[in-house]
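Here the structure is laid out as structure tokens; the discussion comes afterwards.
The values are calculated or read from the model by the stated rules, or taken from the named source; none is laboratory data. Only a predicted model underlies this, so the values are computations on that prediction, with no experimental measurement involved. No Cβ is skipped: glycine too gets one built from the backbone with ideal geometry, and neighbour counts run over all protein chains shown.
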């Protein structure tokens, strides 16, 4: 039986959809061209539709394997490319996904915080501009947030029925194929399910979830092995190398850092000079390996400085990516955005700690996901959109703090 949806939450979901559409109107007709990841995702989606292959190559070109982008998001938007990959169609699809996220956040929060807490959590997601802003982009972050949250819900509520693991495994695979960084969410949710129901009763469901995940993920592994001789690739080397220098001004580099920075930039320049599109993928994999090696050398050279600059990366992670066109941003808007998001993070952490102290597996999930996101992101180049999958749990933490203060005031 389908539970009735709180009318306030439903209105908030509709508002979030409207905000995403409004952002589309604001960003069109150029749709934020500074974020050229969008072009890459759309090219991959067109490759699936026009060639039946996972490639950025056009119909007239030979097959070109893809080393960087995972296939989940291009698969999501590929059906829209039968009608031309319109940015408006992508925005409408993601606006609807955002509305679904608002409903799911309320569903997660209500057993923990009651109806008022669920409404506050939903409102903080529906009205936070970052969600609507990235819903109006052809980027994977909003989809990863929605699939990740749905997967956490499904995994944390595993039952003794083995088939309850089907949805959990499918959503875990979908999330990982959209944004692999978010795979850590599912062990956290599985631990919560074990703590809630016991390991033995849900063992079969966990097994089904693992099988579904592996079956769904195995074509990508086969693709990478055939194309690059490795099960997985990506940009972790580049992200680690860039992360080392994030927050470090050029005039503060010592001799070794300057040498490594120059060598890294030279490697990037060599890659950019490659005009043969067939040769570029292999060159990118080699570039990422080189940058990873240089990053590890740099971290070993100055681990204390690298860890200290993690505070700069943390500010970027939780308070970066002002939701405006680049030309519309400015010191006042940037400063307000940073203060708002750091305040929400602080309140969310306090509330998540209070919630976790109540006991119970579900109560600990928001804190665990916020902290895990922070810790795993700490060494890497940071952008505000990378924290988007954790923000619904920050919202639940803020709502928990509001509920706690409200109840104390009434005592």
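Among the numbered conditions (1) surrounded by 17 or more Cβ atoms within 10 Å (Cβ to Cβ); (2) assigned to a helix (DSSP H, G or I), the only one that residue 269 does not meet is (1).
Taking the numbered list (1) buried (at least 18 other Cβ atoms within 10 Å of the Cβ); (2) assigned to a helix (DSSP H, G or I) in turn, residue 25 passes all entries but (1).
In the stretch 345-361, which residues are under 18 Å from residue 125 (Cβ atoms) and touching a helix residue (DSSP H, G or I) at 6+ places or on another chain (Cβ under 6 Å)? Matches in the stretch 345-361: 345, 347, 348, 351, 352, 355.
For every residue, the table says whether it meets (1) closer than 23 Å to residue 360 by Cα; (2) touching a strand residue (DSSP E or B) at 6+ places or on another chain (Cβ under 9 Å); (3) surrounded by 19 or more Cβ atoms within 10 Å (Cβ to Cβ); (4) in contact (Cβ under 8 Å) with a residue 24 or more places away in the chain.
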site	(1), (2), (3), (4)
121	yes, no, yes, yes
136	no, no, yes, yes
142	no, no, yes, yes
160	yes, no, no, yes
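Return the only residue of 150, 154 being modelled with pLDDT of 95 or more, under 12 Å from residue 97 (Cα atoms) and surrounded by fewer than 24 Cβ atoms within 10 Å (Cβ to Cβ). When all the criteria are applied, what remains is 150. Against the numbered list (1) assigned to a loop (DSSP other than H, G, I, E, B); (2) at pLDDT below 95; (3) under 28 Å from residue 181 (Cβ atoms), residue 60 comes up short only at (3).
What number of residues within the stretch 210-240 are more than 30 Å from residue 283 (Cβ to Cβ) and over 21 Å from the mean Cα position of the chain (by Cα)? Let's see the steps before the verdict.
Our first condition is that a residue be more than 30 Å from residue 283 (Cβ to Cβ); within the stretch 210-240, this holds for 210-215.
Of the ones still in play, those that are also over 21 Å from the mean Cα position of the chain (by Cα) are 210-212, 215.
Within the stretch 210-240, residues that are more than 30 Å from residue 283 (Cβ to Cβ) and over 21 Å from the mean Cα position of the chain (by Cα) number 4.
Listed here are the residues, each with its yes/no results for (1) over 28 Å from residue 328 (Cα atoms); (2) at pLDDT 95 or above.
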residue	(1), (2)
13	no, yes
18	no, yes
26	no, yes
29	no, no
44	yes, yes
67	yes, yes
72	yes, yes
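Can you tell which of 286, 233 is under 26 Å from residue 306 (Cα atoms) and surrounded by fewer than 19 Cβ atoms within 10 Å (Cβ to Cβ)?
On the way: 233 fails: surrounded by fewer than 19 Cβ atoms within 10 Å (Cβ to Cβ).
Just a single option satisfies the conditions, and that option is 286.
Take the residues of the stretch 57-76 that are touching a residue at least 24 places away in the same chain (Cβ under 8 Å) and over 14 Å from residue 224 (Cα atoms): which is surrounded by the most Cβ atoms within 10 Å (Cβ to Cβ)? Working first, answer last.
Filtering the stretch 57-76 for residues touching a residue at least 24 places away in the same chain (Cβ under 8 Å) gives 57, 61-62, 64-76.
Imposing the further condition that a residue be over 14 Å from residue 224 (Cα atoms) reduces the set to 57, 61-62, 72-76.
Working: 57: 20, 61: 13, 62: 8, 72: 22, 73: 25, 74: 27, 75: 16, 76: 21.
This residue is 74.
Quick check, is residue 380 outside any helix (DSSP H, G or I) and at pLDDT 95 or above?
Numbers: outside any helix (DSSP H, G or I): yes; at pLDDT 95 or above: yes.
It is true that residue 380 is outside any helix (DSSP H, G or I) and at pLDDT 95 or above.
Whenever a residue of the stretch 311-322 is at positive phi and surrounded by 21 or more Cβ atoms within 10 Å (Cβ to Cβ), its partners that are at pLDDT 95 or above and not in a helix (DSSP H, G or I), lying with C-beta atoms within less than 7 angstrom and at least six residues away or across chains, give the pairs 321/383.
For the stretch 224-244, filtered to residues that are outside any helix (DSSP H, G or I) and free of Cβ contacts under 8 Å to residues at least 60 places away in the same chain, the residue that is nearest to residue 374 (Cα to Cα) is 232. Scanning the stretch 245-262 for residues that are part of a helix (DSSP H, G or I) and surrounded by 11 or more Cβ atoms within 10 Å (Cβ to Cβ) returns 245, 256, 257, 258, 259, 260, 261, 262.
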